[in-house]
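The values are calculated or read from the model by the stated rules, or taken from the named source; none is laboratory data. Fair warning: this is a prediction, and the values are worked out from it, not measured in the lab. Methodologically, a virtual Cβ is constructed for each residue, glycine included, from the backbone with ideal geometry; neighbour enumeration extends over all protein chains shown. Quick note on the areas: whole protein, heavy atoms, side chains included, nothing else; ligands and nucleic acids left out. Shrake-Rupley method; radii C 1.70, N 1.55, O 1.52, S 1.80 Å.
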Amino acid sequence: MNTALKLIQSIETRQSPIGIIGLGYVGIPLSICFLEAGFQVLGFDQDQEKVASINKGRSCLSHIDDSLMGSYVTSRKFSATTDMQRLNEPDVVLICVPTPTTTDHKPNLSHLIESVKHIANSLRKGQLICLESTPYPGATEELLLPSLQTEEIIVGSDFFLAFSPEREDPGNTQYQIASIPKIVSGTTDACLKVAESLYSGVFNKVFPVSSTQTAECTKLIENIYRHVNISFVNELKQILSQMEVDIWEVLEAASTKPFGFQSFSPGPGIGGHCIPNNPIYFSWKVNQLGMSSQIINSALSVEKSMAGYVCETAKRALTNQKKKLANSNILILGVTYKPDIQDTRESPALPIIKLLQESGATVEYSDPYVPILQSSQTKDRKMQSLHLTKKDLGMFDLVILITDHSSFPYQLIHEHSTLIIDTRNAFRRNNFIGDHVIQA
Ligand SMILES: NC(=O)c1ccc[n+]([C@@H]2O[C@H](COP(=O)([O-])OP(=O)(O)OC[C@H]3O[C@@H](n4cnc5c(N)ncnc54)[C@H](O)[C@@H]3O)[C@@H](O)[C@H]2O)c1
């Protein structure tokens, strides 16, 4: 029996252990998916503290129950390690490390390159290596393949290389990961077959595509579509406010059209690890090919302007109350990039806090998911979340809602704040209206 068939048989009978590199927002839920499908999982992460916590049964994610993780640790179906030499143990290695951008807006591939180096050091016959992190188009063939293949070990016959983009949406309770169709691609036909056999045992629907580059573009375009459309409504929000037209009412009305219109929600700017970075990954490759995308560039520049827009609105609102931004006390509500999760990566709250502080305002924040905020962007590198009380709320000149966590006491905030800027339409949505609530 050839190597591919042997591996497929071993996967189908759950004999193949799965290795997952990067135990974060993607790697942890993915581990649980494979565990639920009956596989043994060995997790790899460079963060010693995180590995120790996971091995004590903690998920390290607020939206994933520790008891679920704990049960798999206790039954020895799951364990985590920092020892990358053990990468030769699993038959399947899934790469889920971060793919951020550099400060000069280029792909930062350092985590990916390091992981691939470790895999190359221990690569053996009969392994499937599958990238789940979001790379630039062409990365699987241009970056991974040359690092892994040698004269002794050939792709498609000795080992298998695939790319299957992660489409996880942390905290989304409507879609379980296994119910989100899984795009699968392989470097060769055999690679694709092995990857399809793996994912079809775990996901309800697998959608194979003809090349890894097609799958890479699919993933990026899904997120760029969101980025461009959110930037569009964020720009419209600024224009319509000058026209004294309410963007939220416009969007609600436009959404009654049963076809041809999809509504996106305006906000204080785009955040998270993916949506702000993915257009940069795509554009970087496009530029390397001597082209450029004007639409992506415009969307990126609208997003860059959002912090300034929120701060200008704050300044105007305070001036109307005969107060100066420079001397004011401001409370930021919510510092995560979206509601009901703990992730602050690329959160729009960070540049807004920075700008307000640079303007001379004193800024505090409250976020039930982030007790301590550590960021190189803010003036105070370490800030502490404020517990919301009547008395404290009354002491602030202005409260700015950035993230509409469902657990915020909207009524209390509405009743006891002097002035509120709402970047998410959360107060009105919850029927808390009044002259002291301003949309931005
Ligand atoms: N977060 C999301 O919602 C989401 C959704 C879809 C796709 N993705 C993509 O998935 C990938 C992972 O994102 P994430 O949000 O899970 O990141 P994360 O930061 O939450 O987790 C990554 C983990 O990888 C570990 N790590 C970093 N470098 C490592 C290395 N060299 N070796 C071993 N471990 C290493 C980190 O310690 C961390 O625990 C990214 O490419 C991202 O674009 C993320």
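Some observations on this one:
- Sequence of Lys338, Lys219 from largest to smallest accessible area, 1.4 Å probe: Lys338, Lys219
- Of the beta bridges in region 1-148, as assigned by DSSP with both residues counted there, near 5 percent are antiparallel.
- Whether region 320-440 is rounded, prolate or oblate, judged on the alpha carbon gyration tensor where a/c under 1.5 counts as rounded: oblate
- In order through region 271-277: 3J(HN,Hα) via Karplus (6.51 cos²θ - 1.76 cosθ + 1.60), integer Hz, x for Gly, Pro: x, x, 6, 9, 4, x, 8
- A straight line joining the Cα centroids of region 124-174 and region 182-223 runs 10 Å.
- Residues Thr313, Thr362, ordered by accessible area of protein heavy atoms at a 1.4 angstrom probe radius and largest first, appear as Thr362, Thr313.
- Leu131 long-range amide H proximity, modeled H, under 5 Å: Ile95, Ala162, Phe163, Ser164
- Region 65-173 - share of DSSP beta bridges that are antiparallel (%, nearest 5): 10 percent
- Over all other residues within a Cβ to Cβ distance under 15 Å of Thr173, the charged ones net out to -3, with Lys and Arg as +1 and Asp and Glu as -1.
- Within straight-line cross-link reach of Lys77, lysines at Cα separation under 27 Å, skipping those fewer than 8 residues along the same chain: Lys6, Lys50, Lys56, Lys117, Lys125, Lys182, Lys193, Lys205
- Only lysine pairs 8 or more places apart, or on different chains, with alpha-carbon atoms under 18 angstrom apart are counted in region 244-439, and they number 8.
- Amide H contacts under 5 Å for Phe159, placed H, 5+ residues apart: Gly126, Ile154
- Accessible area per residue for the chain is 46 Å², calculated with a 1.4 Å probe on protein heavy atoms, without ligands, DNA or RNA.
- Computed in the context of the full set of protein chains, the accessible area of the chain at 1.4 Å probe radius has 50% of its extent on carbon or sulfur.
- Under the criterion of Cα pairs below 8 Å and six or more residues apart, the relative contact order for the chain equals 11 percent.
- Counted over the chain, the DSSP beta bridges are approximately 15% antiparallel.
- Within the chain, all pairs of alpha-carbon atoms sorted by distance into 10 Å bins from zero give the percentages 4, 20, 28, 23, 16, 8, 2, 0, 0.
- Distance from region 422-440 to region 307-381 (C-alpha centre basis), Å: 17 Å
- Loop-resident sites, region 257-305, for chymotrypsin sites (Phe, Trp or Tyr not before Pro), counting at most 14 other Cβ within 10 Å (DSSP): Phe259, Phe261
- GNM result for the chain, Cα springs below 10 Å: residue of Gly171, Gly360, Gly201 fluctuating most strongly: Gly360
- Local electrostatic count at Cys191 - Lys and Arg +1, Asp and Glu -1, tallied over other residues with Cβ under 12 Å: -3
- Helix-derived mean residue ellipticity, 222 nm - over the chain, DSSP H n ≥ 4, -39500 (n - 2.57), to 500: -12000 deg cm²/dmol
- Residue-level accessible surface for Asp380, protein heavy atoms, 1.4 Å, Å²: 70 Å²
- Net charge in the neighbourhood of Ser59 (other residues with Cβ under 15 Å of its Cβ; Lys, Arg +1, Asp, Glu -1) is -4.
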